[in-house]
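To keep things clear, I will list the structure first and then write my remarks on it.
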Amino acid sequence: MNTKDRPTAISLFAGAGGCSLGFGQAGFDVRFATDVDNDAVESYRRNFPTTPCQAADIRRLAASAVLERAGLNPGELDILLGGPPCQGFSSAGVKAGDDPRNSLLAHYVRLLEGLRPKWFVVENVEGLLTNAGGLRVRDTLATLLGVGYSLNLEKVYAQGFGIPQRRKRVFIVGNRLGQEFLFPEPVTRFSGSIFRKGEVTFAAALSDLPSPAEAPDATVAFFHPPQNELQAYLRGQAKVATGHYSVALSDVQLERVRALQPGQTMKDLPEHLQHESFRRRAFRRVMDGTPVEKRGGAPSGLKRLFADEPSLTITSAATREFVHPTEDRLLTLRECARLQTFPDWFEFAGSAASRIQQIGNAIPPLLARTVAEHILRNYGFDAQYSGSGRPSIRFCLTRSEGMSPALARTECLLTELMDSRAEQLVLLEHH
């Protein structure tokens, strides 16, 4: 498309740019991006040199300033991208209802009201669904409905869309055109069997990579052509890969790694090889009267992945905990980036710890691209194609047959919200 014909986007909480990459590849013109992390902003600028990117705290960011940087007026923006940082909601961290990061959702809504985009896409961890007993997500959706957006909340399983990892995330997609948005149907089975002409597995994504280097600043050259469509996308025109280096292991670390079979974790190791912190948490005595069922399980620590299955979820701990399926080493930064579907030409700034955090926090670019293409192909941004004009809500909290008590509570809250909204619409129709 010509630039003037491309739909416009702004990315908040942009990180290194996974969402921007996917939407850009789908044909969107990302006019402005922002993130509070300086390393992420530097990564973004390296990969999107023509997009203004500002290091800023959203709590101090005015909608007018964002629109000015993007060259837009209120209501002209086609889509607003980005979800607040997830640590406050994550089951991997403390579920603190008063975590200050949780308030970023409120600031997102504040900016949404000021920008008045036609569409928005929010992505977050599934812990958002049960945070504060489901009240937080219920109140957020109620606020979004109140400012005129039709909504669809759904738990999305990334492996169903060609992403070579088991990654569950919550998406909230809304529009003020009255469109009833439906998520695209998965294109692969959740077991990870087919990616178009290839496979959604660890090996399908990484088998063309050469052996990793030993030095962090070294590059490795490709010797073999891509073996499937996914590898061809990840490779692009790149002749070498950066960040593909193996961290040296101590003698005891190497002994642990060698003892693990695919699918095994720290708990499967002989007791003398289990890390002290693992043993302490796994076998601790409860001294404060906390009921057994609320103690939490033992950490899994090291995990050896399967070559013929999707990877486990890539997080900021992946390069410390994930063991290669067939080699006695931990995953490299480039392998983690590939499992997140970042192409090999994509650069990450900062320390190794900062880079893996940027990789783990990102929306997989191919998943973002799927959502972007779906909106473009089936909905659009022209008000004349809008639906009823009455904001509506729908949701899908899980594709599993079972549901936890916490999730069932959230379902009840959202059902009440949906029923209340339906009653309001009936009253409006009668008037």
Exercise for the section: Go through region 208-218 residue by residue and turn each phi into a ³J(HN,Hα) via Karplus (6.51, -1.76, 1.60, θ = phi - 60°); whole Hz please, and just put x for glycine and proline. Expected result: 8, 6, x, 4, x, 6, 9, 9, x, 8, 7
Practice task
Place the peptides 402-408, 18-24 in order of packing, highest mean first, counting for every residue the other Cβ atoms within 10 Å and averaging per peptide.
Solution key: 18-24, 402-408
Handout entry: Average Cα contact separation per residue, region 202-361, under 8 Å, 6 or more apart, as relative contact order %
Key = 27
Handout entry: Residue exposure sequence - Ser311, Ser354, Ser420 - by fewest surrounding Cβ within 10 Å
Key = Ser420, Ser354, Ser311
Handout entry: Spin-label pair Glu185/Lys239, simplified geometry with 7 Å Cα→Cβ offset, distance in nm
Key = 4.5
Fill in the blank from the handout: Straight-line reach check, Lys303, cutoff 18 Å on alpha carbons, 8 or more apart in-chain or any other chain, hits among aspartates and glutamates -> Asp251, Glu255, Asp268, Glu271, Glu276, Glu321, Glu327, Asp328, Glu335
Problem - Per-residue HN-Hα couplings for region 243-255 [Karplus 6.51, -1.76, 1.60; θ = phi - 60°; Hz; x = Gly/Pro] - result: x, 9, 9, 9, 6, 5, 9, 6, 4, 6, 5, 5, 5
Exercise for the section: Quickly rank 201-209, 57-65 as a protection proxy: mean count of other C-beta atoms within 10 Å, highest first. Expected result: 201-209, 57-65
Fill in the blank from the handout: Here region 259-269 yields Karplus 3J(HN,Hα) values (6.51, -1.76, 1.60; θ = phi - 60°; whole Hz; Gly and Pro given as x) of 7, 8, 9, x, x, 8, 10, 3, 5, 8, 7
Practice task
Set the Förster radius R0 to 51 Å, insert the Cβ-Cβ distance between Asn38 and Thr415 as r into 1/(1 + (r/R0)^6), and round the FRET efficiency to 0.05.
Solution key: 0.75
Handout entry: Rounded FRET efficiency, nearest 0.05, which uses the C-beta distance separating Arg46 from Leu254 and R0 of 25 Å
Key = 0.15
Practice task
For region 202-361, just the Cα atoms, rotate onto the principal axes and tell me the three extents in Å, largest first.
Solution key: 59, 29, 29
Fill in the blank from the handout: Pseudo-spin-label distance Ala142 to Glu271, built 7 Å along Cα→Cβ, given in nm, is 5.2
Exercise for the section: Starting from the Cα of Val247, step 7 Å along the direction of its Cβ; do the same at Phe222; then give the gap between the two resulting points in nm. Expected result: 2.7
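None of the figures in this text is laboratory data; all of them are computed from the coordinates on show. Please read these numbers as outputs of a predicted model, since none were measured by experiment. All Cβ positions, even for glycine, are placed from backbone atoms using ideal geometry, and neighbour counts span all protein chains on display.
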